[in-house]
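Colleague: I have a structure I would like to understand better, so I am pasting it below and will then ask my questions one at a time.
The values are calculated or read from the model by the stated rules, or taken from the named source; none is laboratory data. It should be emphasised that the depicted structure is a prediction, and the values quoted were computed from it without experimental measurement. Cβ placement follows ideal geometry from the backbone for every residue including glycine, while neighbour counts extend to all protein chains displayed.
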Amino acid sequence: MSALGHIVLVGMPGSGKSTVAPLLAARLGREAVDVDTEVERHLQMSAQRAFDELGEQRFRAEERAAMERALGSQRPLVIAGGGGMVAQPGAVEILARHATVVFLDASDAVLLDHLGPAAVDRPLLAGAPADALHHLRVARAHAHGHAQLRVAVDGLCPGDVVERIAGAVSGAVRVATPHPYLVRVAPGLREQVGEHLPVSARRVVLIADQAVAATAEVIATALRGDRVTVTVVSLPGGEQAKQWAVAGHLLERCSDAGLDRDDCIIAVGGGSIGDVAGLVAATYLRGVAWLGVPTTLLAMVDSAVGGKTAVNLRRGKNLAGVFWQPRAVLCDTDVLDTLSDRSFRSAFAEVVKSSMVGGGGLAELVDDRLTAALARDPKALAELVRGCCALKAEVVAGDERESGRRAILNYGHTVGHAVEALTGLGSGLDHGEAVAFGMRVAGELSVAQSGCPPSVIEHQDDLLDACTLTVRPALAAADIVAELGSDKKARAGVPRWVLLRDRGEPVTGIVVEGEAVGAALSEALVR
């Protein structure tokens, strides 16, 4: 099965689901299934006759059964969903488990044009199609709002619709949490944010790092062109953004903007902006939708995916937060051109980390494409971002709230977070530099405590050297050891380590004696 699962097209009557599905299937090399056609085949009568003679309840049951049979296929399909199926109780949850859902959004005028004179004979539109379409749209808006992608079809021919969908899903990563979403990696995505807003959203608060004001304005302009009211809130990025006072200010701004439950927050910036904006989204009105538009390489390969939101406390980093998944993550690779060399190279700590804990194809990809990516080759960068996101998506889907395997993504972070805190969050070593040092310490412990082959850690350190991630903190080993108990993964003040048995074989929850930790730190500080 494709990582995207099946692709299911939903929409109002006349939106073009049955026309687009076979064309899209051919474009993507899949098979197409039309739910209405399957119902007709199963009942040996037309859908309209089945609706009229058997009643809506029986028809919907047949429609749902046909959809479930299609979703059970091991071959990835493009499915034209019956118009009313998506609004049935439990249907959204069924689709979420198996499919990427695409909403074909057409205005009532276009729907009536597509349906033609036969609209008056359709069961749910009989008599007054225009009025009926309006009521149907309202009734199904919540269900349609769960689609991972919205394509406005007005003015587009079927072939154009196919290209829009194919362009969005090709190379995308699906994060299969209970409310699944797409991570897209491509140039120019900042102008396509509107395709992922909730269908009912009329207001947006766009929380942006001041350093990427131009990118934020491109997004705001595009959304305003779609008649969305946009309030832009700019603030300095970095760890200074991740404070309770900042979160409180942003919550007030959301209230002042009149945001309601159907509206959306958009985070534009690095990981710190995503962390605080996601926390605001999770707490405003007890949870509204949010989208991430990461503008740093570090955020693209790490924090933007997975729904971890947080602010820092005096005692340490990310000590207050919630899990709140975004609706979409759009990694516009064009914005990477403006990154400073330090910020750019620092991000490769997370790339190397991902290859060490993920192994397999990602390890091969990093080994093969690291040099080109460090030289800012756009294709190589996109491949590495997509590979890291795919690993994180797979891990998060299986352990959304970090109760088990997701902890592997903290390799190098136990020491990394301690170093960040001791050197001043945001003013000493940055996150990538601190994690790179933490990986060197964890590597030493992996050899001594987990039996990891020394050659594996030597290769890890060579990769970090190639990224020029060689800075060591001006700290004493004893001071770092003392700070480790503040890590949020610690229990009773005792840190839990993520170590390696081999590349791609991480182990979690390891307790290491303080003397061994001190020795590994001392070695890493001077080596």
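Colleague: Provide a single number: the residues in region 244-267 that are in contact (Cβ under 8 Å) with a residue 60 or more places away in the chain and surrounded by 15 or more Cβ atoms within 10 Å (Cβ to Cβ). Talk me through it step by step, then tell me what you get.
Modeller: Keep residues of region 244-267 that are in contact (Cβ under 8 Å) with a residue 60 or more places away in the chain, which gives 244, 246-247, 262-267.
Subsequent filtering for residues that are surrounded by 15 or more Cβ atoms within 10 Å (Cβ to Cβ) retains 246-247, 262-267.
Count: 8.
Colleague: Considering each of R496, R527 in turn, give the residue that is closer than 20 Å to C452 by Cβ, at pLDDT below 95 and surrounded by 15 or more Cβ atoms within 10 Å (Cβ to Cβ).
Modeller: R496 is the lone residue from the list that is closer than 20 Å to C452 by Cβ, at pLDDT below 95 and surrounded by 15 or more Cβ atoms within 10 Å (Cβ to Cβ).
Colleague: Since L24 meets every condition but one in (1) in contact with a Lys or Arg (Cβ under 9 Å, 6 or more places away or on another chain); (2) assigned to a helix (DSSP H, G or I); (3) at pLDDT below 90, which condition does it not meet?
Modeller: Only one criterion in (1) in contact with a Lys or Arg (Cβ under 9 Å, 6 or more places away or on another chain); (2) assigned to a helix (DSSP H, G or I); (3) at pLDDT below 90 is unmet by L24, namely (3).
Colleague: Still on this structure: Among the residues of region 191-217, write down those that are outside any loop (DSSP other than H, G, I, E, B) and crowded, with 22+ Cβ neighbours inside 10 Å.
Modeller: Matches in region 191-217: V193, E195, H196, V204, V205, L206, I207, A208, D209, V212, A216.
Colleague: How about region 316-419: which helices (runs of 4 or more DSSP H) wholly inside it have at least 1 residues that are among the polar types (S, T, N, Q) and within 16 Å of V498 (Cα to Cα)?
Modeller: Output list reads 348-358.
Matching residues to (1) in contact with a Gly (Cβ under 8 Å, 6 or more places away or on another chain); (2) on the phi > 0 side of the Ramachandran plot; (3) outside the structural domain of W497 (by TED's automatic domain parsing):
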residue	(1), (2), (3)
G358	yes, no, yes
E364	no, no, yes
D367	no, no, yes
T371	no, no, yes
R376	no, yes, yes
K379	no, no, yes
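Colleague: For residues that are touching a strand residue (DSSP E or B) at 6+ places or on another chain (Cβ under 8 Å) and surrounded by fewer than 24 Cβ atoms within 10 Å (Cβ to Cβ), tally how many sit in region 415-424.
Modeller: Total meeting the criteria: 1.
Colleague: Here's something else I'd like to know. Search region 71-95 for residues that are farther than 14 Å from H6 by Cα and pair each with any residue that is assigned to a strand (DSSP E or B) when their beta-carbon atoms are under 6 Å apart and the residues are at least 6 apart or on different chains.
Modeller: Sorted first by the residue in region 71-95, then by its partner, the pairs are V86/V10.
Colleague: Being at negative phi, free of Cβ contacts under 8 Å to residues at least 24 places away in the same chain and surrounded by fewer than 20 Cβ atoms within 10 Å (Cβ to Cβ) is the requirement here; does A220 meet it?
Modeller: Numbers: at negative phi: yes; free of Cβ contacts under 8 Å to residues at least 24 places away in the same chain: yes; surrounded by fewer than 20 Cβ atoms within 10 Å (Cβ to Cβ): no.
For A220, the condition - at negative phi, free of Cβ contacts under 8 Å to residues at least 24 places away in the same chain and surrounded by fewer than 20 Cβ atoms within 10 Å (Cβ to Cβ) - is not met.
Colleague: Does A50 fit the bill of being over 34 Å from the mean Cα position of the chain (by Cα), part of a helix (DSSP H, G or I) and in the same structural domain as A130 (by TED's automatic domain parsing)?
Modeller: The answer is yes for A50.
Colleague: Going by the conditions given, is R164 closer than 30 Å to P22 by Cα, assigned to a helix (DSSP H, G or I), at pLDDT 95 or above and of a type in the set (K, R)?
Modeller: Working: closer than 30 Å to P22 by Cα: yes; assigned to a helix (DSSP H, G or I): yes; at pLDDT 95 or above: yes; of a type in the set (K, R): yes.
Against the criterion (closer than 30 Å to P22 by Cα, assigned to a helix (DSSP H, G or I), at pLDDT 95 or above and of a type in the set (K, R)), R164 qualifies.
Colleague: If we keep just the residues of region 172-190 that are surrounded by fewer than 21 Cβ atoms within 10 Å (Cβ to Cβ) and over 15 Å from V305 (Cβ atoms), which is modelled with the lowest pLDDT?
Modeller: Only one residue tops the list, namely P178.
Colleague: Also, quick follow-up: Condition test on S255, is it over 22 Å from the mean Cα position of the chain (by Cα), in the same structural domain as A320 (by TED's automatic domain parsing) and not in a loop (DSSP other than H, G, I, E, B)?
Modeller: yes
Colleague: Checking P129 against (1) out of contact with any helix residue (DSSP H, G or I) (no Cβ under 6 Å at 6 or more places or on another chain); (2) at pLDDT below 90; (3) surrounded by 15 or more Cβ atoms within 10 Å (Cβ to Cβ), only one condition comes out false. Which one?
Modeller: Checking P129 against (1) out of contact with any helix residue (DSSP H, G or I) (no Cβ under 6 Å at 6 or more places or on another chain); (2) at pLDDT below 90; (3) surrounded by 15 or more Cβ atoms within 10 Å (Cβ to Cβ), the one that fails is (1).
Colleague: Being outside the structural domain of R261 (by TED's automatic domain parsing) and either in contact with a strand residue (DSSP E or B) (Cβ under 8 Å, 6 or more places away or on another chain) or not polar (S, T, N, Q) (or both) is true for just one of E239, E163, E191. Which residue is that? Quick ask: steps written out before the conclusion?
Modeller: On the way: E239 fails: outside the structural domain of R261 (by TED's automatic domain parsing); E191 fails: outside the structural domain of R261 (by TED's automatic domain parsing).
None of the other options fit; the residue is E163.
Colleague: Let me ask you something else. Looking only at region 470-493, filter to residues that are assigned to a helix (DSSP H, G or I) and touching a residue at least 60 places away in the same chain (Cβ under 8 Å); which one of those is surrounded by the most Cβ atoms within 10 Å (Cβ to Cβ)?
Modeller: Once the filter is applied, the top-ranked residue is I480.
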